[in-house]
1. Would you mind getting me the FRET efficiency between residue 313 and residue 152? Use the beta-carbon distance for r and R0 = 51 Å, nearest 0.05.
2. Return P(r) of the range 106-174 (all Cα-Cα pairs; 5 Å bins starting at 0; whole %; ordered from short to long distances).
3. Against the longest principal axis of the chain, how steep is helix 189-206, in degrees 0 to 90 to the nearest 10, with axes from Cα atoms?
4. Could you tell me what a quarter of the Cα convex hull surface of the range 16-128 works out to, in nm² with one decimal place?
5. Extent of the chain along each principal axis, from alpha carbon coordinates, in Å, largest to smallest?
6. Among 30, 220, 236, which one moves the most in a GNM of the chain with springs linking Cα atoms closer than 10 Å?
7. By average Cβ neighbour count within 10 Å, what is the ranking of 136-145, 295-304 from highest down?
8. Which order results if 206, 157 are arranged by neighbouring Cβ count within 10 Å, fewest first?
Ligand code: SF4
């Protein structure tokens with residue numbers, strides 16, 4: 001393992017039995033995540049994007065060990081998280097925090113906001129009561145709320161304000177890595193950019209590293225340094241943000257991007273229609289998992305899984321279009 005990365009994930013898998021519980025010998029398995037690898041450097045934001053059910057949220061939850069991986073490695077700050085005991089993992093959660101999609105469901109409605117933000121500090125034994133009270137007040141102001149909001153309950157806030165409370169709670173224990181799972185998708189568009197700008201400001205102020213999970217490519221573009229695209233439990237393309245958005249290589253990424261509105265009325269964008277629905281992950285297609293919907297499908301795609309490899313510097317893709325023997329075809 002290299003030591004340059006804050007987080008290095010290798011061949012991470014989560015297979016469920018199609019009955020919904022843990023894998024067993026009789027039921028076919030659903031490969032929710034099927035061999036995902038990526039790294040994140042300190043201070044970087046990696047966006048993970050894909051349609052609902054592609055495995056991006058399951059990946060984020062495995063990093064926190066809210067779901068245990070079936071296989072693979074999660075290397076964080078010199079420790080292997082995949083094999084940590086649950087007790088040791090609880091301690092590690094001081095350094096890895098999560099921001100959830102639904103800011104209302106993730107806040108205890110019976111607790112005052114001050115207590116909600118204080119709780120992670122209590123769990124991790126940080127400071128005495130007066131230190132924690134002062135820190136709660138500071139954190140509320142850091143996320144654009146007021147210190148007197150500590151006495152209120154979550155239902156007294158708007159969706160955007162509740163997400164700010166969730167962010168304050170995540171920051172309370174001074175984490176290094178924040179996993180943000182669809183953190184703005186439940187918010188009005190006008191509020192989304194405020195919360196995204198807040199996350200960017202906090203990143204530079206507190207030297208945070210983000211894994212930013214979302215289905216909305218515009219949102220991911222706004223905040224990410226690099227972007228990975230997931231399809232049926234695998235990363236099919238990953239590159240620096242500008243390379244991915246300006247020169248997407250994978251036909252799935254090209255189709256996703258063709259449906260993102262461009263804010264230029266003069267620009268005529270050709271929309272790529274994908275045929276069919278996302279296949280059942282309990283019965284994925286053979287070969288390339290995207291072959292049933294791909295406008296460029298070739299014979300080889302139906303039987304051979306494309307290798308995920310670097311096609312250009314820092315730009316990885318899993319597609320037979322970039323195999324040497326098919327380049328000339
Ligand atoms: Fe399409 Fe084949 Fe590439 Fe899969 S491997 S994305 S089916 S061209």
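We did not get these values from a lab; they are worked out from the coordinates using the rules stated. Please read all numbers here as calculations on a predicted model, not as lab measurements. Positions of Cβ are backbone-derived with ideal geometry, glycine not excepted, and every protein chain shown enters the neighbour counts.
1. Using R0 = 51 Å, I get an efficiency of 0.50.
2. 4, 20, 35, 26, 12, 3, 0
3. Value to nearest ten degrees: 70.
4. 9.7 nm²
5. Principal extents (largest minus smallest coordinate, Cα): 70, 56, 38 Å.
6. Most flexible of the set in this elastic network: 30.
7. Sorting 136-145, 295-304 by mean packing, highest first, produces 136-145, 295-304.
8. Fewest to most other Cβ atoms nearby, the residues stand as 206, 157.
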